[in-house]
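One structure below.
The values are calculated or read from the model by the stated rules, or taken from the named source; none is laboratory data. As the structure is a computational prediction, the values presented were derived from the model and not from experiment. Ideal geometry is used to build each Cβ from the backbone, glycine not excepted, and the neighbour counts take in all protein chains shown.
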Amino acid sequence: MNPCFPLLIRRLALICLSLTSIFQQSLAADGSGQPTIAALTVTTTLARLDDWPVAIPASGSLTAWQEAVIAAEIGGLRVVALTADVGDQVRRGDVLADLSQASVRADLELEQARVEQAQAALSEALANGERARNLAGRATLSGQESKQYLVAEETARANLAAAEAQLKGQRIRLDQTRIRAVDDGVIASRTVTLGSVVQAGTELFRLIRQNRIEWRAEVMAEQLARIRPGQAARIRLSEDVSLDGVVRLPAPTFDPTTRLALVYVDLPDPGAAHAGDFARGEIIVGQTPALTVPESTVVLRDGNRYVFEVSDDRRVIQRKIGTGRRAGNRIEIVAGLPTPAPLVESGGAFLNDGDSVRVVPADPLTMGRP
């Protein structure tokens with residue numbers, strides 16, 4: 001006899017035993033004796049209780065917190081230099097533009113000369129006044145002449161004060177030829193061009209003060225009652241870009257046309273936000289417990305949402321549920337799940353009510369992931 005033949009017999013016996021075990025595991029659990037083929041191999045998960053924020057959805061425009069208009073305080077002068085443009089970050093007092101100073105400097109020199117004349121006249125008047133006081137009551141100087149000298153001294157003082165005031169005014173005009181930023185911020189617009197002659201009060205620049213952008217969210221009356229200053233907010237600029245904000249002030253009045261009220265939300269770090277954008281977001285008004293499951297657990301069919309519960313006999317029970325809030329890859333279940341039970345974690349779209357499934361342990365590398 002071939003010595004390898006017994007070894008082959010033993011191997012065939014082991015294969016038969018394995019096939020018999022697999023066949024027995026596939027028999028129906030109801031005792032009918034008929035084999036049942038598993039529709040799907042699945043992993044299960046349990047719903048868990050989390051503390052989730054309660055959010056009020058809102059939408060609205062992004063606007064500047066405050067704008068500052070930078071205008072010319074002196075007129076009839078030509079713009080000779082521009083040192084700032086739209087988008088520039090500036091500090092309070094920075095020079096944004098220069099106006100021609102030639103005529104202002106000429107007037108300044110004229111006023112300086114007048115001050116010197118008034119100082120000379122005052123020196124003469126002081127000397128005459130001192131002599132009049134020394135000769136008071138003597139026959140060499142009449143009372144009327146003495147009074148005239150004293151009046152002339154006071155007049156000379158007043159003339160010098162007037163000349164100095166006019167000189168100060170010309171110095172202010174000279175300083176006004178340099179257009180400066182009135183606050184820290186970013187230049188939002190520029191309406192002046194090089195070489196143009198500006199008039200007093202003409203707007204030259206517009207500044208977003210301190211580069212602060214706010215979200216003006218629109219909410220309804222019943223929502224406004226739950227909003228308080230200091231509450232957190234999340235603003236979505238796009239699918240990938242979101243910002244954190246803080247409620248600064250709920251508006252005290254409603255728009256009579258739309259019956260909506262504004263909520264002013266500060267954005268401490270505006271990032272990619274720009275004034276004039278439109279954004280959607282939510283205002284966080286509190287936290288409540290939430291029964292949550294992975295989003296992959298929920299199946300959408302015919303406009304309804306379902307989960308598949310795995311029973312003790314490895315058959316699935318289709319349960320219609322109601323859903324609420326979402327956070328990351330989890331979703332809140334608000335109705336339809338009477339008791340905690342194992343749920344099909346993924347692949348429910350391929351199952352029907354009553355299907356038999358094969359349950360395998362979850363991958364330990366993915367367990368506990370949010």
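Within 24 Å of residue 189 (Cβ to Cβ) and in a loop (DSSP other than H, G, I, E, B): which single residue out of 229, 252, 270 fits that description?
270
Of the residues 165, 121, which single one is under 30 Å from residue 98 (Cβ atoms), free of Cβ contacts under 8 Å to residues at least 40 places away in the same chain and not basic (Lys, Arg)?
Only one candidate qualifies: 165.
Looking at 86, 95, 90, 80, which is the one that is surrounded by fewer than 12 Cβ atoms within 10 Å (Cβ to Cβ) and either touching a Leu at 6+ places or on another chain (Cβ under 8 Å) or of a type in the set (A, V, I, L, M) (or both)?
Answer to the selection: 86.
Just give me the residues in the range 81-140 being of a type in the set (Lys, Arg), over 42 Å from the mean Cα position of the chain (by Cα) and under 30 Å from residue 199 (Cβ atoms), in sequence order.
Taking the range 81-140 as the starting set, the residues that turn out to be of a type in the set (Lys, Arg) are 91-92, 105, 114, 131, 133, 138.
Subsequent filtering for residues that are over 42 Å from the mean Cα position of the chain (by Cα) retains 105, 114, 131, 133, 138.
Listed by number, the residues that qualify are 105, 114.
Inspect the range 49-61 for any residue being within 30 Å of residue 191 (Cβ to Cβ), touching a residue at least 40 places away in the same chain (Cβ under 8 Å) and either buried (at least 17 other Cβ atoms within 10 Å of the Cβ) or of a type in the set (Val, Ile, Thr) (or both) and give the result as yes or no.
Checking the range 49-61: at least one residue is within 30 Å of residue 191 (Cβ to Cβ), touching a residue at least 40 places away in the same chain (Cβ under 8 Å) and either buried (at least 17 other Cβ atoms within 10 Å of the Cβ) or of a type in the set (Val, Ile, Thr) (or both).
Of all residues in the range 66-94, how many are among the hydrophobic types (A, V, I, L, M, F, W, C), more than 12 Å from residue 184 (Cα to Cα) and outside any loop (DSSP other than H, G, I, E, B)?
Total satisfying the criteria: 8.
Looking at (1) assigned to a strand (DSSP E or B); (2) touching a Ser or Thr at 6+ places or on another chain (Cβ under 6 Å), can you tell me which one residue 275 breaks?
With (1) assigned to a strand (DSSP E or B); (2) touching a Ser or Thr at 6+ places or on another chain (Cβ under 6 Å) applied to residue 275, the lone miss is (1).
Looking at the range 277-293, can you tell me whether even one residue there is without any contact (Cβ under 8 Å) to a residue 40 or more places away in the chain and exposed (fewer than 11 other Cβ atoms within 10 Å of the Cβ)? Explain how you work it out, then say what you get.
In the first step, residues of the range 277-293 are kept if they are without any contact (Cβ under 8 Å) to a residue 40 or more places away in the chain; the result is none.
Among the residues of the range 277-293, not one is without any contact (Cβ under 8 Å) to a residue 40 or more places away in the chain and exposed (fewer than 11 other Cβ atoms within 10 Å of the Cβ), which makes the answer no.
For (1) out of contact with any Phe, Trp or Tyr (no Cβ under 9 Å at 6 or more places or on another chain); (2) outside the structural domain of residue 219 (by TED's automatic domain parsing), each residue gets a yes or a no:
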residue: 259; (1), (2): yes, no
residue: 310; (1), (2): yes, yes
residue: 319; (1), (2): no, yes
residue: 329; (1), (2): yes, yes
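Applying the selection to the range 198-216, what residues are under 27 Å from the mean Cα position of the chain (by Cα) and assigned to a strand (DSSP E or B)? It would help to see each step written out before you state the result.
Going through the range 198-216, the residues under 27 Å from the mean Cα position of the chain (by Cα) turn out to be 205-216.
Across the range 198-216, the qualifying residues are 205, 206, 207, 208, 209, 213, 214, 215, 216.
When you check residue 246 against the structure, is it without any contact (Cβ under 8 Å) to a residue 24 or more places away in the chain, outside the structural domain of residue 328 (by TED's automatic domain parsing) and surrounded by fewer than 17 Cβ atoms within 10 Å (Cβ to Cβ), yes or no?
Considered against the rule, which asks whether it is without any contact (Cβ under 8 Å) to a residue 24 or more places away in the chain, outside the structural domain of residue 328 (by TED's automatic domain parsing) and surrounded by fewer than 17 Cβ atoms within 10 Å (Cβ to Cβ), residue 246 comes out as yes.
Go over the candidates 55, 29 one by one and state the one that is hydrophobic (A, V, I, L, M, F, W, C), at pLDDT below 90, touching a strand residue (DSSP E or B) at 6+ places or on another chain (Cβ under 9 Å) and not in a strand (DSSP E or B).
Among 55, 29, only 29 is hydrophobic (A, V, I, L, M, F, W, C), at pLDDT below 90, touching a strand residue (DSSP E or B) at 6+ places or on another chain (Cβ under 9 Å) and not in a strand (DSSP E or B).
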